[in-house]
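Working notes, structure below.
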Amino acid sequence: MMRWLPENISTYGGDIDALLSLIYSLTVFWFFLTLGLIGLFLFLYRRRDGRRAAYVRGERPAEAAWILIPAAIVLVLDLWIDHRGADAWAKVKGHIAPTAYRVRVTGKQFNWEFLYPGPDGKFGTPDDLQLDNELHVPVNQVVHGTLTSKDVIHNFFLPNVRFKQDALPGREVEFWFQATKPGKYEIPCAELCGFGHSGMNGTLIVHTPEDYQQWVKERWPSQ
Amino acid sequence: MTVSVQEVPGVGSEEPVHQEPTGFWRRYIFSVDHKMIGRQYLLLSAAMALVGGFLAYGLRWQLAFPDTWVPGLGFIGPETYNVLITMHGTTMVFFVAMPMLLGGFGNFLIPLMIGARDMAFPRLNMLSFWTIFTGSLVLLASYVVPGGAAAGGWTGYAPLSARPIYTGVNWGLNLWLLAHAIEFASFLMGGVNFLTTAMTMRAPGMTFFRLPLIVWQELTAAVVFLLSVGPLIAGAVMLLMDRIAGTSFFVPAGGGDPLLWQHLFWFFGHPEVYVVLLPAAGLACEVLPVFCRKPLFGYRWIVYSTFAAGILSFIVWAHHMFVSGMDPRLAMPFSITTILISVPFAIMVFAMIATLWGGSIRFATPMLFALGFLAMFICGGLTGIFNGSAPANIPLHGTYFIVAHFHYTLLSGVFFGGFAGLYFWFPKMFGRMLNERLGKVHFWLTLIAFNATFFPMHFLGLAGMVRRISNPLQYPSLEPLQAVNVFITLSAIGLILAQVPFAFNIVRSLRAGEPAPANPWEATTLEWSTASPPPHDNWGETAPAVYRWAYEYSSPDAGEDWLPQDRLLALKP
């Protein structure tokens, strides 16, 4: 099942994938255990002439233990999953890794606007550059983004980065990621945002360091 | 002294609550009889299921063969597609699942199972049906108003839903809100009726812990609905004001907050999941012991688990909002509550499995559907562990993995739980037996088509296919997976066609089915002690009295392998 996931290209994607794998192993085990028991019981206890069903009410603690102990195991496994997950969540959403690379992402019906601060590293100066649907980042560089929306709620989804965050009008959400592999990746909008929702899809372009310098030179030739 | 066991018929007492009407209108249309009203609810949900199923056919066709002519529907552009998904979800949850599982089975079964002659408020009961009927008409009317029907998703997230300019839909979305309001009013009346009836009208001897489980689960569902719907009604009024009076409760430009809508919606929306699921589980719980000829395992533990699930359902809602922009520190607490709710459901599932152990299992059609519910619900419950873990939810939120998950939980409840109940109580409701062979064909076709439709959606979701897109071919990463979408669509059409044997079975049985005996399945609960169908006041001269719990199968105290709740075993010298 895990092979259906798109290729992971971020530093924290591995943590998410490890958690998915853990949950997958646990759920597959319980799936086969429960369905196997059902199948076994259906076969063993199918109706046969002259055999009467057992009279077991399962109310006394000694009998109920057959369902309560497995449920307690489920509880322990649940808490274990959350214990493991807490670190991954804190890594992705709980803080912003420090970086000089900033970008502002604005969702609108039906495009992603990416605002780059330019060589001075500051927004609101004349060298700011806005591109529609193209997010350029250097590989292995922490990217600190600020996400918002102009109209309705959109969802900024980077499948390969294992990142997803709603873009809300009137609110700014800070996020970060660090891409580890150069290439082009999709940025679909994952929240229904109107008739153009389908096809609202940007491109994440992860550059090698040389490529990135080249791209900066093309965009800000005067520098 | 020799002791022998003699069976004497049970006795109870209660006067008929109303006279049997003679005219057509009073008998079949404006009936106050809970059995007729229950059947009216079932008919309404079947009619709305045709609408919802047709919408599903349209949207699936569009996903498999984007922008081609849909036979019977025409071209579907992106605008129409958003209407299809919105109305499919709304129709199926609020106008199929609820009227079927609560209105239909709740109304028909609660008075019969507790030994009452009708609901506590028969006229209110009639009003509740005609209220949801009106709501259904309002929902259907929204298709034909200028601008078309609602297109903001079944969750109606603001500000998309709060300003007509964002969707291009004006009156359609207003009517969509109005239809919800009317539907909620209907189920508020129904819920009050369920509670009052079960509290005050139980037969002599019917203590709370002798109630059949489905009664507990209908009651829990009714209470959960009553307590959770208030915030959403407030939210719906605010949203309507935003739309027609220009207020800005949910629009940031005017100082509002879009997340407020999500909190109000999901504070109701997640408990609503259990409003649908608990009665479905209850139907399966009724059917399993009858066809295992064995007591339901751990009855009280299931009752306590039902309460626990109902209570926990109020503190899990924000798991729909992990990536919504709410404070990320809230995610882990909600992740823990969410994952905790798997415990009561695990107890229910284990109890159902333990019921099979040591049984004498008959594979009649109701049993097959109950087992189908159990198996499918296990799948849906397990995928819920992925979604409930906040970090694992990040890549899965808003994708087809979620679509697969809630169809495995909710649709398995409606389909497999609902059909288990329908095949089981059809003889009681209509006085005719259904054909077993057709029933089994229906089951196997449904099981195969259901899994062929929804299982591959897990893969698409993992691969990053997001929900509510009308054309997967617009995404380079999804192009190689288009064959999966085609397969799902063909399976979905197969799932719809798999219902033909069922429809045929119903029509055939109503016209020329074998007359049903009072207790064709040799079951113990009270409804089987009266005629099929029951007379107008349910019990004739004497209402039953109750001497034991609901699942006395294969008791060592009785010669037969079933001992009805109303049969007195007297010790006679």
Scanning segment B:228-247 for residues that are surrounded by 17 or more Cβ atoms within 10 Å (Cβ to Cβ) and in contact (Cβ under 8 Å) with a residue 40 or more places away in the chain gives B:SER228, B:VAL229, B:LEU232, B:ALA236, B:LEU239, B:LEU240, B:ASP242, B:ARG243
When you scan segment A:14-27, do you find a residue that is over 13 Å from the mean Cα position of the chain (by Cα), surrounded by fewer than 16 Cβ atoms within 10 Å (Cβ to Cβ) and of a type in the set (Phe, Trp, Tyr), even just one?
no
Exercise for review: Could you please let me know if A:GLY94 is surrounded by fewer than 17 Cβ atoms within 10 Å (Cβ to Cβ), more than 9 Å from every other protein chain (Cβ to nearest Cβ), free of Cβ contacts under 8 Å to residues at least 60 places away in the same chain and of a type outside the set (Asp, Glu)?
Suggested key: no
Residues in segment B:131-168 that are out of contact with any Leu (no Cβ under 9 Å at 6 or more places or on another chain), more than 28 Å from B:ILE37 (Cα to Cα), touching a residue at least 24 places away in the same chain (Cβ under 8 Å) and of a type in the set (A, V, I, L, M, F, W, C) total 0
Can you find a residue that is among the charged types (D, E, K, R), over 30 Å from B:GLY255 (Cα atoms) and either buried (at least 23 other Cβ atoms within 10 Å of the Cβ) or within 13 Å of chain B (Cβ to nearest Cβ) (or both) anywhere in segment A:182-203? yes
Of those in segment B:345-365 that are more than 8 Å from chain A (Cβ to nearest Cβ) and not polar (S, T, N, Q), the residue nearest to A:GLY39 (Cα to Cα) is B:MET352
If you go through A:PRO70, A:PRO119, A:PRO61, A:PRO126, the only one that is over 22 Å from the mean Cα position of the chain (by Cα), surrounded by fewer than 18 Cβ atoms within 10 Å (Cβ to Cβ), outside the structural domain of A:PHE157 (by TED's automatic domain parsing) and not small (Gly, Ala, Ser) is A:PRO61
Residues in segment B:281-305 that are in contact with a Gly (Cβ under 8 Å, 6 or more places away or on another chain), over 22 Å from B:PRO520 (Cα atoms) and more than 9 Å from every other protein chain (Cβ to nearest Cβ) total 1
Condition test on B:PHE406, is it under 25 Å from A:TYR12 (Cα atoms), touching a residue at least 24 places away in the same chain (Cβ under 8 Å) and assigned to a helix (DSSP H, G or I)? no
The condition of being in a helix (DSSP H, G or I) and within 14 Å of chain A (Cβ to nearest Cβ) holds, among B:PRO480, B:PRO476, only for B:PRO480
Of the residues in segment A:100-133, those that are out of contact with any helix residue (DSSP H, G or I) (no Cβ under 8 Å at 6 or more places or on another chain) and more than 26 Å from A:ASN201 (Cβ to Cβ) come to A:ALA100, A:ASP120, A:GLY121, A:LYS122, A:GLY124, A:THR125, A:PRO126, A:ASP127
Residue pairs qualifying under the 6 Å Cβ cut-off, at least six apart or on distinct chains, with the first in segment B:514-532 being over 19 Å from B:ASN435 (Cα atoms) and the second being surrounded by fewer than 16 Cβ atoms within 10 Å (Cβ to Cβ), are B:ALA531/B:ALA518
Residues in segment B:315-338 that are at the interface with chain A (Cβ under 10 Å from one of its Cβ atoms) and aliphatic (A, V, I, L, M) total 6
For segment A:188-212 the number of residues that are touching a His at 6+ places or on another chain (Cβ under 7 Å) and not in a loop (DSSP other than H, G, I, E, B) is 3
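The values are calculated or read from the model by the stated rules, or taken from the named source; none is laboratory data. No experiment lies behind these values; they were computed from the predicted model shown. Backbone-built Cβ (ideal geometry, glycine too); neighbour counts: all protein chains shown.
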